[in-house]
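Remarks on the structure that follows.
The values are calculated or read from the model by the stated rules, or taken from the named source; none is laboratory data. For clarity, every value in this text was computed on a predicted model and none was experimentally measured. Note that each Cβ is placed from the backbone with ideal geometry, even for glycine, and that neighbours are counted across all protein chains shown.
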Amino acid sequence: MADETVVDNTAEQRFELEAEGHRAELLYQLDGDQLVLVHTGVPDELEGRGLGGQLAKAAVERARAEGLTVVPRCSFVRSWIERHPDEVAGVEVA
């Protein structure tokens, strides 16, 4: 797994991770007390390094810290949540 740092770019409503001149991102929308996770994009050059999972984890951590409900509209995030129940423990998922 990579050790790059995920940044919550609130102005652009995305979690992002820069590596090797490329950016992986998880687009989101805030809707009241819901963190709606819209789309995860990882460039081909960065695939297979766990970056999508790092982005999903950062989103869940924000939801936990702010008492938000996670709404995974992105199929990748939905699948990641199903595979990592320990990571989402204590966070409401709609």
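Within region 32-54, the only residue that satisfies the criterion of being in contact with an Asp or Glu (Cβ under 7 Å, 6 or more places away or on another chain) and closer than 25 Å to VAL91 by Cα is GLY41. Counting only strands (runs of 3 or more DSSP E) that sit completely within region 1-78, those holding 2 or more residues that are touching a residue at least 12 places away in the same chain (Cβ under 8 Å) and touching a helix residue (DSSP H, G or I) at 6+ places or on another chain (Cβ under 7 Å) correspond to 14-19, 22-31, 34-41, 69-72.
The set of residues from region 53-76 being more than 16 Å from ASN9 (Cα to Cα), buried (at least 18 other Cβ atoms within 10 Å of the Cβ) and out of contact with any His (no Cβ under 9 Å at 6 or more places or on another chain) comprises LEU68, VAL70, VAL71, PRO72.
Looking across region 1-43, just one residue is modelled with pLDDT of 95 or more, at positive phi and small (Gly, Ala, Ser), and that is GLY32. Among the conditions (1) under 19 Å from ALA94 (Cβ atoms); (2) surrounded by fewer than 21 Cβ atoms within 10 Å (Cβ to Cβ), GLU20 misses just one, which is (1).
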